[in-house]
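Colleague: I'd like to ask you about the structure that follows.
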Amino acid sequence: MDVIALGETMMQFTPESEGLMRHAATYTAKIAGAETNTLIGLARLGHNTGWISKVGNDEFGHKILMAVRGEGVDTSQTRMDPSFPTGTFFKEIVREGEVRIQYYRENSAASKLSTDDLDESYFAGVKYLFITGITPALSKSAKEAIFYSIELAKKNDLIVVFDPNIRKKLWSESEAKKALIEIAKHADIVLPGKSEGDFLFGTDDPKQIADSFLRLGASLVVVKLGDKGAYYSQRKTTGFVPGFKVPKIVDPVGAGDSFAAGLLSGLIDNESIPDAVKRGCAMGAMAVMVKGDYEGLPDKKRLKQFMSQDPQ
Ligand code: CKP
Ligand code: MG
């Protein structure tokens with residue numbers, strides 16, 4: 001296995017009409033979750049991935065498992081919980097470019113994830129563990145599961161990749177800060193955005209954000225700068241990779257997860273850091289051109305075409 005990840009995937013409903021959701025009459029149903037967005041992105045590029053999670057034993061749980069499995073991600077470590085439902089969320093397009101998220105995920109099956117859901121043998125021989133700051137926000141037991149997954153990763157020589165993905169709707173700012181800094185101390189690769197750097201360290205300067213994570217112990221930090229590109233630092237080696245031009249941002253959600261998929265794909269293929277970062281930027285760009293959080297993600301051939309056509 002190249003990459004395994006632990007986290008929640010939900011049903012996502014998006015009104016077909018723009019404007020306040022109170023006026024919406026019809027919705028498109030999709031599935032979405034940061035960790036599976038990344039795993040699906042990787043699977044489409046030909047990498048072996050596995051997902052550790054819980055869904056409800058309900059129709060939404062079946063739909064999610066069918067979709068994730070259908071993309072080629074191993075779901076042997078995702079259980080259906082008969083006692084709690086699959087989480088859902090709504091993506092309200094208030095107007096073009098303004099997206100609001102409304103979660104209905106409290107007490108979802110995935111929020112009940114605990115250390116009992118992790119099987120150490122699943123970690124053996126895997127290259128990367130991908131985690132985000134969403135899972136520890138779900139519940140105390142899910143937070144414990146994240147720290148245990150890090151422990152198992154270290155014990156089995158996996159590289160820990162962490163996207164802070166701050167979700168202020170899920171926990172208090174002080175709780176979030178404390179937990180995310182604690183996780184960052186154990187991460188080898190950190191993939192923050194500028195707003196996450198600002199939240200955690202009070203600066204939106206990419207170099208200062210990267211230095212702050214490096215000081216906590218990371219060996220590679222890539223700061224995502226949206227359509228501008230990304231800044232990377234490995235202490236002595238630093239650089240900036242410009243982003244890809246996108247004719248129109250149709251749906252910005254999922255860009256960060258897609259970036260992670262591209263970067264990890266590059267690293268697995270032994271690309272140089274700047275080339276892996278470039279692959280991350282391309283995947284982020286491809287994700288935002290299509291509705292849905294991962295639907296726009298390409299296979300290797302389409303990614304290559306996109307990257308060679310765009311002069312950056
Ligand atoms: O930071 P991103 O826009 O890349 O993340 C989007 C995902 O997991 C989305 O799919 C949603 O399900 C979530 O983040 C979340 O829980 O907010
Ligand atoms: Mg993000």
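The values are calculated or read from the model by the stated rules, or taken from the named source; none is laboratory data. Owing to the predicted nature of the structure, the values given are computational and were not obtained by experimental measurement. FYI the Cβ positions are ideal-geometry reconstructions off the backbone, even for glycines, and counts take in every protein chain you see.
Colleague: If Y103 satisfies every condition in (1) surrounded by fewer than 18 Cβ atoms within 10 Å (Cβ to Cβ); (2) more than 16 Å from ligand 2 (Cβ to nearest atom) but one, which is the exception?
Modeller: The one condition Y103 does not meet is (2).
Colleague: Only residues in the stretch 210-224 that are of a type in the set (K, R) count as the first member; pair them with residues that are surrounded by 24 or more Cβ atoms within 10 Å (Cβ to Cβ) and part of a strand (DSSP E or B), Cβ under 7 angstrom, at least 6 apart or cross-chain, and list the lot.
Modeller: Within 7 Å, the pairs are K224/A230.
Colleague: Check L170, L152 and return the single one that is crowded, with 17+ Cβ neighbours inside 10 Å and part of a helix (DSSP H, G or I).
Modeller: None of the other options fit; the residue is L152.
Colleague: Return the residue satisfying two criteria in turn: it lies in the stretch 155-165 and is surrounded by 23 or more Cβ atoms within 10 Å (Cβ to Cβ) and among the hydrophobic types (A, V, I, L, M, F, W, C), and of such residues it is nearest to ligand 2 (Cβ to nearest atom).
Modeller: My answer is F162.
Colleague: Now a separate question. So the check is Cβ under 6 Å with 6+ separation or different chains; which pairs have a first residue in the stretch 3-21 that's of a type in the set (D, E, K, R) and a second one that's within 16 Å of ligand 2 (Cβ to nearest atom) and at pLDDT 95 or above?
Modeller: E8/G33
Colleague: Now a separate question. Report yes if K278 is touching a residue at least 60 places away in the same chain (Cβ under 8 Å) and of a type in the set (K, R), otherwise no.
Modeller: No.
Colleague: Another question about this same structure. Out of all the residues in the stretch 178-204, which are surrounded by 15 or more Cβ atoms within 10 Å (Cβ to Cβ) and over 20 Å from the mean Cα position of the chain (by Cα)?
Modeller: Those that are surrounded by 15 or more Cβ atoms within 10 Å (Cβ to Cβ) and over 20 Å from the mean Cα position of the chain (by Cα): F201, D204.
Colleague: Further question: Which residues, counting only those in the stretch 225-238, are of a type in the set (G, A, S) and on the phi > 0 side of the Ramachandran plot?
Modeller: Listed by number, the residues that qualify are G226, G229.
Colleague: Here is a follow-up. Considering the stretch 93-117 alone, what residues qualify as being in a loop (DSSP other than H, G, I, E, B) and over 21 Å from P164 (Cβ atoms)?
Modeller: E96, G97, E106, N107, S108, A109, S114
Colleague: Of the residues A43, A34, A67, which is touching a strand residue (DSSP E or B) at 6+ places or on another chain (Cβ under 7 Å), of a type in the set (G, A, S) and within 12 Å of ligand 1 (Cβ to nearest atom)?
Modeller: Step by step, each of A43, A34, A67 is checked, and only A34 is touching a strand residue (DSSP E or B) at 6+ places or on another chain (Cβ under 7 Å), of a type in the set (G, A, S) and within 12 Å of ligand 1 (Cβ to nearest atom).
Colleague: Are any residues in the stretch 253-276 within 13 Å of ligand 2 (Cβ to nearest atom) and either closer than 19 Å to M10 by Cα or touching a Leu at 6+ places or on another chain (Cβ under 6 Å) (or both), and if so, which ones?
Modeller: Matches in the stretch 253-276: V253, G254, A255, G256, D257, S258, A260, A261.
Colleague: While we're on this one: Within the group V250, V241, V222, which residue is within 16 Å of ligand 2 (Cβ to nearest atom) and not in a helix (DSSP H, G or I)?
Modeller: V222
Colleague: Turning to a different aspect of this structure: Scan the stretch 40-53 residue by residue and report those that are more than 10 Å from Y294 (Cα to Cα) and not β-branched (V, I, T).
Modeller: Hits for the stretch 40-53 are L42, A43, R44, L45, G46, H47, N48, G50, W51, S53.
Colleague: Output the number of the condition that V288 fails; it satisfies all remaining conditions of (1) at pLDDT below 95; (2) loosely packed, with under 14 Cβ neighbours inside 10 Å.
Modeller: (2)
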